[in-house]
Structure formats: structure tokens, C-alpha cells
Amino acid sequence: MTTLKDKNPGNVTAPTMALKILKYPDPILQRPGEPVTEFDAGLRKLVADMFATTYASQGIGLAAPQVGVPKRITVIDLSLGKDPAQKLVLINPEVIFSEGKQYEEEGCLSFPDIREKVSRAAKVRIRAQDENGKWFEMDGDELLARAFQHEIDHLDGILFIFRMSALKRSLNLRKIRKMQSEGAW
Ligand SMILES: [Zn+2]
């Protein structure tokens, strides 16, 4: 057990904690997120908790609607918490340029045990605000481009299952229904 004093000496910020991740078909996951307008301590706490949630689940990205917060916030860390330089916070992000195609396997923390190939742009440029509200642009390709597109989709209420072919989608929905009926979802 760690106390607040041990973790943050002289700091009143509450300790970070892993949040509960909503699973499909929770309706919040399919609702577009609201733009963020307040860049305050509450936002920074949420972002810290979102990173903690991502690492606890061995994920590389998480969007706020997945933890029940219908706002345009996502965190990405391809290093799984090993390299602080790879921590990305995207507030109000949008794809402003994309090119090419890639077709690789994806998973989603709101769809445990489902992995499927999904078609995405090969390269994207995004525009987003950081935790202080400052706008920046960033390019990504390969896995980072997929993470950008997957997470920004979440903020528009679009889940990766809707990016699959109709056949793969129906096979995966059937698998989910089976897991639900067995209490394994
Ligand atoms: Zn996801």
C-alpha cells in the first residue's frame, strides 16, 4: 500500500488510479465525445488516470469515452509505459491529412479477446491540443498511424468492429454474444 504522502510529497494532487473500462455495447462508446474547453487540474488528473488504466490493461491507447467520460481526450503510448518520451496526450484531435493504406490486426480494450485486421490509412497527420491547451501537429505511420485513427474514431463514437468487413463483423458479434451468454464478457 502506498500513501498519498509517499507518492507525492508536498503535492495535493490525488494519486492516479486505474479506471473501469466500458465494454461493447455500452452506449457511451457509440456517442461522439464533447470538445474539451477547460484545461485544468481535473483534466490532468483524468489524463494521468487514463495512462494508469492503459498500462494496467497492457494497452497502447485509450479514449475517454472508454472510461465513461464522453469527451474528446485520448492517450497513446506505444512503449507500454516503458519510455516516458512516447507518452502522447491528444485533446480535441483531428486527422488533417492521410495517405496510403495498411491492413493490420487491431485490438481494443473495450473488446477483450477480439483481434481482427482492419483497413486504415498508412500515414496520417493529426492536429491536437496538449494538456495545457496548446495546439500541435504530429505525423504518424505504421502502428502510430493506426493508433491515431483507432483512438480518434472512438471520439467520434466509431468502434473498430464497424471498420471490419461485414463478414468479420458478424463473426465477431456472434463471438461476443456467445461470451456474454457464458458470463465471460
Ligand atoms: Zn479501442
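The values are calculated or read from the model by the stated rules, or taken from the named source; none is laboratory data. Keep in mind it's a predicted model, so treat the numbers as computed, not measured. FYI the Cβ positions are ideal-geometry reconstructions off the backbone, even for glycines, and counts take in every protein chain you see. Note: areas computed on protein heavy atoms with side chains; ligands, DNA, RNA excluded. Shrake-Rupley method; radii C 1.70, N 1.55, O 1.52, S 1.80 Å.
Counting only trypsin sites (Lys or Arg not before Pro) that sit in a DSSP loop (anything but H, G, I, E, B) with at most 14 other Cβ atoms within 10 Å, what is the longest stretch of the chain containing none of them?
Formally, the longest exposed-site-free interval is 21-81.
Using a probe radius of 1.4 Å on heavy atoms only, what accessible surface per residue do you get for the chain? Whole Å² is fine. Kindly include the intermediate steps, with their values, before the conclusion.
Values: 10120 Å² over 185 residues.
With all protein chains present, the chain gives 55 Å² per residue.
Mean-square fluctuation check for the chain, GNM, Cα pairs under 10 Å: which of 24, 55, 103 is largest?
103
HN-Hα J couplings of region 59-66 from phi, Karplus 6.51/-1.76/1.60, θ = phi - 60°, integer Hz, Gly and Pro as x?
In residue order, the calculated couplings are x, 10, x, 8, 10, 3, x, 5 Hz.
Angle between the Cα long axis of helix 142-155 and the longest principal axis of the chain, 0 to 90 degrees, nearest 10?
80
Considering only protein heavy atoms and a 1.4 Å probe, what is the carbon-and-sulfur percentage of the accessible area of the chain? It would help to have the intermediate numbers written out before the result.
Details: 5290 of 10120 Å².
Here it works out to 52 percent.
By its C-alpha gyration tensor, with a ≥ b ≥ c as the square roots of the eigenvalues, how is region 115-158 shaped: rounded for a/c under 1.5, else prolate for a/b larger than b/c, else oblate?
oblate
Between residue 20 and residue 44, what's the calculated FRET efficiency when r is the beta-carbon distance and R0 is 22 Å? Round to 0.05.
The calculated FRET efficiency here is 0.65.
Roughly what angle does helix 166-181 make with the longest principal axis of the chain, taking Cα atoms, 0 to 90 degrees, to the nearest 10?
The two axes meet at around 60 degrees.
Where nothing but the Cβ of Lys and Arg (+1) and of Asp and Glu (-1) is charged, how large is the charge dipole of region 1-150 around its Cα centre, in debye to the nearest 20?
240
Using a Cα-Cα cut-off of under 19 Å, which aspartates and glutamates could be cross-linked to residue 134, ignoring same-chain neighbours fewer than 8 residues away?
Straight-line reach from residue 134, under 19 Å: 34, 38, 40, 94.
Quote to one decimal, in nm, the extra length available between residue 103 and residue 169 on full extension: 0.36 nm per residue of separation minus the C-alpha distance between them. Intermediate results must be reported in sequence, preceding the final value.
Values: separation 66, 0.36 × 66 = 23.76 nm, distance 1.54 nm.
Answer, rounded to one decimal: 22.2 nm.
Which length gain, in nm to one decimal place, applies between residue 141 and residue 125 when the Cα-Cα distance is subtracted from 0.36 nm times their residue separation?
Gain on extension, residue 141 to residue 125, equals 4.9 nm.
Would you kindly state how much longer the chain becomes between residue 178 and residue 87 on full extension, computed as 0.36 nm times their sequence separation minus their alpha carbon distance, in nm to one decimal? The partial results should precede the final answer.
Details: separation 91, 0.36 × 91 = 32.76 nm, distance 3.59 nm.
Length gained, residue 178 through residue 87: 29.2 nm.
Taking the Cα of residue 58, stepping 7 Å toward and past its beta carbon, and measuring to each backbone N in region 70-106: which are under 20 Å?
Taking a point 7 Å out along Cα→Cβ of residue 58, the residues of region 70-106 whose backbone N falls under 20 Å are 76-83, 105-106.
Compute log10 of I(q)/I(0) for the chain with the Debye formula, placing one identical point scatterer on every Cα and leaving out solvent, at q = 0.09, 0.19 Å⁻¹, to two decimals.
Each listed q maps to, in turn, -0.33, -1.38.
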